[in-house]
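Report on the following structure.
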Amino acid sequence: MPEEVLSQAAAEMLDWHGSGMSVMEMSHRGKEFISIYEQAQVDLRELLAVPDNFEILFMQGGGLAENAIVPLNISRGGVADFIVSGSWSQKSQQEARKYCAVNIAASSEADGHTTLPDPATWQLSPGASYVHVCSNETIHGVEFHELPDLKALGHDAPLVIDFSSHVASRPVDWSRVGLAFGGAQKNLGPAGLTLVIVREDLLGHALPACPSAFDYKLLAANQSMYNTPPTYAIYVAGLVFQWLKRQGGVAAMEARNQAKAALLYDTIDCSQLYQNKVAPNCRSRMNVPFFLRDERLNESFLTGARARGLLQLKGHKSVGGMRASLYNAMPLAGVQALVDYLREFENTRG
């Protein structure tokens, strides 16, 4: 989270704009909160350049729940294609099997999810309800630098992207997307808010078993307030949207993220102690996994990092090693501090 956003939220905690209430105390249908919600919608649509024929929904449940909510809404009980490029897309296809047939159109499991399958090799299903990709895999550190163009592949199914971990870090080519979803807690705000951006023609096809609170058409018709939305998380996300605009918007953030990632990857690649195993053409700008070639040094490395205020560097338990996350709010100075420590630690072990 950007520090100035946290400071503003703290200053407004007890009394939002002279209303005499905290945002936590407001009715979600009251004029005060409606103004917060409407501004957040406007700012997000501007930031992500969302076309008018897409609905923006603020939901609960996180990206993990959307693995069920998406097929409940748009699979029509048919076949959905999945590109398995890491842990999150693997979870997505497993969950979707409860609601529709699943075809694994491509997978990078054989190489440990260190590459992305070339779209030209995907075995897509004729008449598929949708094609799902996780456009940034946090655990394996793999990112689609360009979204696949299904039309160029001769496929007219909508592309569904899970962009939880890199939303607002780079522009989205909406001409290639039917639906995008993501938890807010990486780049947009606190945990508890889930963003869904869905093309209007995909509304109104929910399966009979779909709970009303998860029916995209009902949510769109009720401005995301069919049930009580996560009001405080929407408020804080709205502050982040305004912060992003002050930074120059998504294009400016992309340039910063490119610089941060390049600094860290270059340091790792020039090292004799550290290594990143992901193919350079699909390395994530947000999540950089790396390994010490001598893993006996792992605990010593983490201890030294903590002493320097460099926290949460331990890699996911399923893959081990280390992982640095470079989300939008991480300044270049933070990456420089990590790079300085990487060099210091290697030199002392030299």
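Values in this text are rule-based calculations from the coordinates and carry no lab data. Note that this is a predicted model, so its numbers are computed, not measured. Please note: Cβ atoms are built from the backbone with ideal geometry, for glycine as well, and neighbour counts cover all protein chains shown.
Cross-linked pairs LYS186/LYS260; LYS245/LYS314; LYS151/LYS260; LYS186/LYS314: Cα-Cα separations exceed 25 Å for LYS245/LYS314; LYS151/LYS260. Here is how the number arises for the chain: DSSP H runs of 4 or more residues each give -39500 (n - 2.57), the sum is divided by the residue count, and the result at 222 nm is -11000 deg cm²/dmol. Using only side-chain charges placed at the Cβ, +1 for Lys and Arg and -1 for Asp and Glu, the dipole size of region 3-246 relative to its Cα centre rounds to 440 debye. At q = 0.10, 0.12, 0.19 Å⁻¹ the log10 of I(q)/I(0) for region 131-238 amounts to -0.33, -0.47, -1.11, computed by Debye summation with a single uniform scatterer per C-alpha, solvent ignored. The order of the peptides 32-44, 233-245 by mean Cβ neighbours within 10 Å, most packed first, is 233-245, 32-44. Taking a Cβ cut-off of under 12 Å around ARG349, the surrounding Lys, Arg, Asp and Glu residues balance to a net charge of 0, with basic ones at +1 and acidic ones at -1. When all alpha carbon pairs of region 184-278 are counted in 5 Å bins from zero, the resulting P(r) reads 2, 10, 14, 14, 14, 13, 11, 9, 7, 4, 2, 0 %. Between MET13 and HIS316, full extension at 0.36 nm per residue minus the direct alpha carbon distance yields a gain of 105.7 nm.
Stokes-Einstein diffusion for region 1-148, with the hydrodynamic radius set to the Kirkwood value over Cα pairs and evaluated at 20 °C in a medium of 1.002 mPa s, equals 116 µm²/s.
Taking a straight line from the alpha carbon of LYS91, these aspartates and glutamates sit under 14 Å away, with near neighbours fewer than eight places off in the same chain left out: GLU66, ASP81, GLU109, GLU137, ASP162.
For LYS31, the lysines whose Cα falls under 24 Å of its own Cα, not counting residues fewer than eight places away in the same chain, are LYS217. With a Förster radius of 45 Å applied to the beta-carbon distance between ASP173 and THR348, the computed FRET efficiency rounds to 0.50.
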